[in-house]
Amino acid sequence: MRTMLRRISIRRGIVLAIPALVLVAACTPPMPPDVLAAKAEASIVCQQGTTDVSVPSEFTGTMAAVGDALTSVCPEQSVVEVSDDANAPVRLVAQAPSAAQTTAFAATCPSGGVITVPAFAYPVTLAYNLPGLEGIVLSPAAVAGILNGTVTQWSDPLIASENADFGLDGLPAIALVSAAIPQGAVDAMTTWLVQQKVASWTDGVTGTLKAGAKVADDAALVSRLTSTEGALAVLPIFQAVNNNLAMANLLVSYPAESGDQQSLVVTADDIQLYKVGSGATTVTRDPALGLLASPAVGGVPVEGNFDLASSKIVLGEGQPLVGWPVLGYAHLMVCDAPDDAKPLAFAQYLVRLAGQGSLEAFGVTPMPEPVRIRTFEPLKVTLNVDDQAADGS
């Protein structure tokens, strides 16, 4: 059966006190994620000066949005985005950093110390320049065929079988295009194809595609998409929206209460479903690499990584807890320098509710509360829990 879902501490600096919630300490049960989060927002440690943050071109503006929000409460603290290849004490990357990326970044830090945490999620789809074909439904097999170059026409049976209401004959051929450099969006999409065990996808998890035309970078990719009829690429949804590109909806399989597999169409324009899907990540703590979040794929949240109540999401009657099935996770790498508290203070603000809120306003997806709270410990955010031990006992 197939249905369609539609819209439904560092101590140095100036401390700005925020009215705290009156909470009753208890040993059992431990405080829920949203209560712990509220306590963590009780104060902000302001610094003085400017922090450079290097940002990949596809995420230009994200860190500036957080910086503007930070400056609104800490007027003497500001953030400047710099290019992805510039040395900066804070670096945003489109996915969990590799050992090589971490080592290279550490070499630019005065102390050599690096803290890595997830920063936000971002939904990914196939975006294309074909007016009138908005909202076409693609199964994992159809996505795999397009990305490996075997599906080149919209009338291909893999596409037509899920889109009986569309007239697909006579349309321009699918012109797949991708960046020659690794892209977090492609890594997330191919992670989904591997998870779905699509037999025709044999390239594994990868940040680059073998098929189709190649362009130099993200800027060139967006330029080709917006100027070429029929062009198609794997793209973060916020970029597709910002450039008025059509987006594919995705066909998702999930286990029903009966144990049987069911399928539904998840639409690409529902913010609530992005949030549900962002919980389908696996979070690990690597002693060398930091706190890492995998791409969130499949649409079904991993147990312990999503809390419906704290998400403020309201599901319709009978609606399964299934969200958008492909999201990448951007990460922050931060120089942990004892003589310069600004980089760490910026990272701490980014993972607070206000910082995540500014990211959501930009168009990416804030981390689910259970994941967000896990970023506090490596970033040394004080929970301000005076009457309860940090472990909840």
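The values are calculated or read from the model by the stated rules, or taken from the named source; none is laboratory data. Because the structure is predicted, anything quoted here is derived from the model rather than measured. Neighbour counts run over all protein chains shown; Cβ positions are idealised from the backbone, glycine included.
Identify, by number, the condition in (1) modelled with pLDDT under 95; (2) more than 21 Å from residue 221 (Cα to Cα); (3) not small (Gly, Ala, Ser) that residue 84 doesn't meet.
With respect to (1) modelled with pLDDT under 95; (2) more than 21 Å from residue 221 (Cα to Cα); (3) not small (Gly, Ala, Ser), residue 84 is out only on (2).
Out of curiosity, is residue 233 in contact with a strand residue (DSSP E or B) (Cβ under 6 Å, 6 or more places away or on another chain), assigned to a strand (DSSP E or B), small (Gly, Ala, Ser) and under 19 Å from residue 177 (Cβ atoms)?
yes
Can you tell me how many residues within segment 260-312 are among the charged types (D, E, K, R), more than 18 Å from residue 120 (Cβ to Cβ) and out of contact with any strand residue (DSSP E or B) (no Cβ under 8 Å at 6 or more places or on another chain)?
2
Scan 173, 211, 199 and give me the residue that is small (Gly, Ala, Ser) and in contact with a Leu (Cβ under 7 Å, 6 or more places away or on another chain).
Unique residue meeting the criteria: 211.
For segment 159-203, name all the residues that are surrounded by 17 or more Cβ atoms within 10 Å (Cβ to Cβ) and over 28 Å from the mean Cα position of the chain (by Cα).
Passing the criteria: 163, 166.
Residue 144 passes all but one of (1) surrounded by fewer than 20 Cβ atoms within 10 Å (Cβ to Cβ); (2) within 22 Å of the chain's Cα centre (by Cα); which number fails?
Residue 144 satisfies all of (1) surrounded by fewer than 20 Cβ atoms within 10 Å (Cβ to Cβ); (2) within 22 Å of the chain's Cα centre (by Cα) except (1).
Which one is farthest from residue 118 (Cα to Cα) among residues in segment 284-316 that are of a type in the set (Val, Ile, Thr) and surrounded by fewer than 19 Cβ atoms within 10 Å (Cβ to Cβ)?
Here the residue is 314.
Going residue by residue through segment 129-136, is there one that turns out to be surrounded by 15 or more Cβ atoms within 10 Å (Cβ to Cβ), of a type outside the set (A, V, I, L, M, F, W, C) and touching a helix residue (DSSP H, G or I) at 6+ places or on another chain (Cβ under 6 Å)?
Within segment 129-136, one or more residues are surrounded by 15 or more Cβ atoms within 10 Å (Cβ to Cβ), of a type outside the set (A, V, I, L, M, F, W, C) and touching a helix residue (DSSP H, G or I) at 6+ places or on another chain (Cβ under 6 Å).
Quick one: which of 16, 21 is in a loop (DSSP other than H, G, I, E, B), of a type in the set (A, V, I, L, M, F, W, C), modelled with pLDDT under 65 and loosely packed, with under 13 Cβ neighbours inside 10 Å?
21
Give segment 53-82 a look and list any residue that's in a loop (DSSP other than H, G, I, E, B) and closer than 20 Å to residue 328 by Cβ, or say none.
Passing the criteria: 55, 56, 60, 61.
Mind checking which strands (runs of 3 or more DSSP E) fall wholly inside segment 243-350 and carry at least 2 residues that are modelled with pLDDT under 95 and hydroxyl-bearing (Ser, Thr, Tyr)?
249-255
Do you know which residues across segment 72-102 are surrounded by 12 or more Cβ atoms within 10 Å (Cβ to Cβ) and of a type in the set (A, V, I, L, M, F, W, C)?
73, 74, 79, 80, 82, 86, 88, 90, 92, 93, 94, 96
For the structure I just gave you, tell me whether residue 51 is at pLDDT below 95, farther than 21 Å from residue 217 by Cβ and among the hydroxyl-bearing types (Ser, Thr, Tyr).
For residue 51, the condition - at pLDDT below 95, farther than 21 Å from residue 217 by Cβ and among the hydroxyl-bearing types (Ser, Thr, Tyr) - is not met.
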